[in-house]
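The values are calculated or read from the model by the stated rules, or taken from the named source; none is laboratory data. What you see is a predicted model, and the numbers here were worked out from it, not measured in a lab. Neighbour counts are summed over all protein chains in view; Cβ atoms, including those assigned to glycine, are modelled from backbone coordinates with ideal geometry.
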Amino acid sequence: MDSGAQSPRPAGETGTPDRSAADDGTLERPAAGTGTPVRPAAGTHAPGRPSAATDRPAVDGGTLDIGRRIRRLREERGISLSALARGAGVGKATLSGLENGTRNPTLETLWAITAELGVPLAMAVGTPPVDAGGSETAETAPVIHGTAAEGTLLQVFEDEGVTYELYRMVIRPGVAQVSPAHHEGVTEHMTVFAGTLSAGPTGAPLRAGPGEHISWRSDVPHAYVVLGDQDVHASLLIRYPRR
């Protein structure tokens, strides 16, 4: 019998649980103009089965620089190309092509590789340029494309034992943005400015509307799904403990 008590929230999560999540962990989206959850179409919206939009490269240009950074990070850690490919769950030929600058990776591939290396995403895609006054410039900051999300990397900053990345996010409705697990201890902190978002671990998403904040541990598979037909505009702070 439901007494009205809620189950304990996993450590690192704040915000309102999204009760439109399906029992099997699949995120559901309310139909436009209604409060009725609609299960995502197979192969299109389900977090475990992203649509063909995942084929979009994560960045426009700069592939050679990304490949060089990944090779340097791998070699500094004494990891073979085969071991990194196996640990990240990507093909050896894919990783080799990425390191050589002949393949433009998807965001999902970069997330998997950087998680296996135990580094922030910015160490692969590059940090925002700095102007003459020492400030990072948003106008030419890296823009990263995912299945449904576009993130502009505004700032990377360091604290003792921790790296932070700050993104300006636009998330489109109609398809889930799915992320594999980041390395242990990584957390994400999202503040929504417009639209309504369901985000967090795929089995226990949280919901946030304009002016609301949610956070969760992202060292498990997680997803971002727009609720309704309006783009979500938000800020995302990712906190990476150094390994």
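Scanning segment 71-128 for residues that are of a type in the set (Gly, Ala, Ser) and either touching an Asp or Glu at 6+ places or on another chain (Cβ under 8 Å) or closer than 23 Å to Val143 by Cα (or both) returns Gly87, Ala88, Gly97, Gly101, Ala112, Ala115, Gly118, Ala122, Ala124, Gly126. Name every residue in segment 50-82 that is modelled with pLDDT under 95, of a type in the set (A, V, I, L, M) and under 16 Å from Gly97 (Cα atoms), in order of residue number. Result: Ala58, Val59, Leu64, Ile66.
Checked against (1) at positive phi; (2) in a strand (DSSP E or B), Gly211 passes all but a single condition, namely (2).
Table: residues versus (1) buried (at least 19 other Cβ atoms within 10 Å of the Cβ); (2) more than 11 Å from the chain's Cα centre (by Cα).
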residue	(1), (2)
Leu197	yes, yes
Thr202	yes, yes
Ala208	yes, yes
Gly211	no, yes
Ile214	yes, yes
Ser218	yes, no
Val226	yes, yes
Asp231	no, yes
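Cβ-Cβ contacts under 7 Å between residues 6 or more apart (or on different chains), taken from a first residue in segment 179-200 that is in contact (Cβ under 8 Å) with a residue 12 or more places away in the chain and more than 20 Å from Asp18 (Cα to Cα) to a second residue that is among the aliphatic types (A, V, I, L, M) and part of a strand (DSSP E or B), are listed as Val186/Ile238. From the list Gln155, Gln177, exactly one residue is at pLDDT below 95, in contact with a Leu (Cβ under 9 Å, 6 or more places away or on another chain), buried (at least 16 other Cβ atoms within 10 Å of the Cβ) and under 22 Å from Asp231 (Cα atoms). Which is it? Only one candidate qualifies: Gln177. Taken over segment 69-82, the residue count meeting the criterion of being of a type outside the set (Val, Ile, Thr) and surrounded by 14 or more Cβ atoms within 10 Å (Cβ to Cβ) is 6.
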